[in-house]
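What follows is a single structure, written as structure tokens, with notes after it.
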Number of protein chains: 2
Amino acid sequence: MRHDTSCAGSHFSVDCPSRLLFDQVADKWSMMIMTVLHGGATRFNDLKRRLEGVSQKSLSMTLKRLERNGIIARSVIACTPPGVLYELTPLGLTLLPPFQAIYRWANENMHAVEAARNAYDRNIGSA
Amino acid sequence: MRHDTSCAGSHFSVDCPSRLLFDQVADKWSMMIMTVLHGGATRFNDLKRRLEGVSQKSLSMTLKRLERNGIIARSVIACTPPGVLYELTPLGLTLLPPFQAIYRWANENMHAVEAARNAYDRNIGSA
DNA sequence: CAGTATCCTATGAGATACTG
DNA sequence: CAGTATCTCATAGGATACTG
């Protein structure tokens, strides 16, 4: 089985790995979940509390998708009250540094992006 | 004006910069566009050809959004036939390294992700 | 606690046709 | 060439209610 990236040079075919990544694991919630899990295994409702604004459904779906892609692991702890822990897999851990680079960029360049947006919107208005 | 990231520790508030980033500039098409533009200023239809599967509408919208956020610049060249060039801004250039880290991860870990997915789907079937 | 199921709506995105 | 406009449809996602 070949694993042609099909993205050589500057042509991006439909089966480009980067598409898979952005379709499956590089969204907003995924990044936040992984960042939280980096601090240790976490319960469902703890996650929900930390990810302000996430709906139960979105969280549930995102967790399942991340689990399916081998990024996080789900484990049931038999106790009362029953609980479930989510944690990063070794594979998931390797994704953290790239995400942190993105996250760092976001923090460092928020101002510039906001300024650009304001400038753009002003020009639209006066165009 | 304070620029509280509101994401200290492991709580992600609604105005977290990373959310802005993923909402505005960290999607699939954006990353591919930026990668192409890294090779030099490019015309609209050239971009369309290289991004297999992108619709004219999606490309147009994504370009406008990136321009609004200060990531790329649009310049009209007065000639026949008339043309438009898109290129990365200095700000856009700074986003490239983080994106390349993601891209590299995708290429290196495609196999593992696919394997995880297959395993997961097999277990679902036999559960 | 940790979800699933259902309903409903807003947005995303393709296809197509048209414009400066 | 470089888009915009419109139409349509599929999906993502929130709210709510229910279950093991």
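Quick test for you: out of A:22, A:12, A:99, pick the one residue that is free of Cβ contacts under 8 Å to residues at least 12 places away in the same chain and in contact with a Ser or Thr (Cβ under 8 Å, 6 or more places away or on another chain).
None of the others qualify; the one that does is A:12.
Consider region B:39-74. How many of its residues are more than 27 Å from residue A:30 (Cα to Cα), more than 13 Å from DNA strand D (Cβ to nearest atom) and touching a residue at least 24 places away in the same chain (Cβ under 8 Å)?
The total comes to 1.
Out of the residues in region A:47-81 that are of a type in the set (Ser, Thr, Tyr) and within 16 Å of the chain's Cα centre (by Cα), state the one that is surrounded by the fewest Cβ atoms within 10 Å (Cβ to Cβ).
Residue satisfying both the conditions and the ranking: A:55.
What number goes with the only condition from (1) outside any helix (DSSP H, G or I); (2) facing chain B (nearest Cβ under 8 Å); (3) more than 16 Å from DNA strand D (Cβ to nearest atom); (4) exposed (fewer than 15 other Cβ atoms within 10 Å of the Cβ) that residue A:14 does not pass?
With respect to (1) outside any helix (DSSP H, G or I); (2) facing chain B (nearest Cβ under 8 Å); (3) more than 16 Å from DNA strand D (Cβ to nearest atom); (4) exposed (fewer than 15 other Cβ atoms within 10 Å of the Cβ), residue A:14 is out only on (3).
Is it true that some residue in region B:81-93 is facing chain A (nearest Cβ under 7 Å) and free of Cβ contacts under 8 Å to residues at least 12 places away in the same chain?
No: zero hits.
Name the residues in region A:28-46 that are surrounded by fewer than 16 Cβ atoms within 10 Å (Cβ to Cβ) and at the interface with chain B (Cβ under 8 Å from one of its Cβ atoms), would you?
The answer is A:39, and nothing else.
So which of B:106, B:112 is more than 26 Å from residue A:106 (Cα to Cα) and within 11 Å of chain A (Cβ to nearest Cβ)?
Every option except B:112 fails the conditions.
No lab work stands behind these numbers, since they all come straight from the coordinates. What you are looking at is a predicted structure, and each value in this text was computed from that prediction instead of being measured. Note that we place each Cβ from the backbone using ideal geometry, even for glycine, and neighbour counts take in every protein chain shown.
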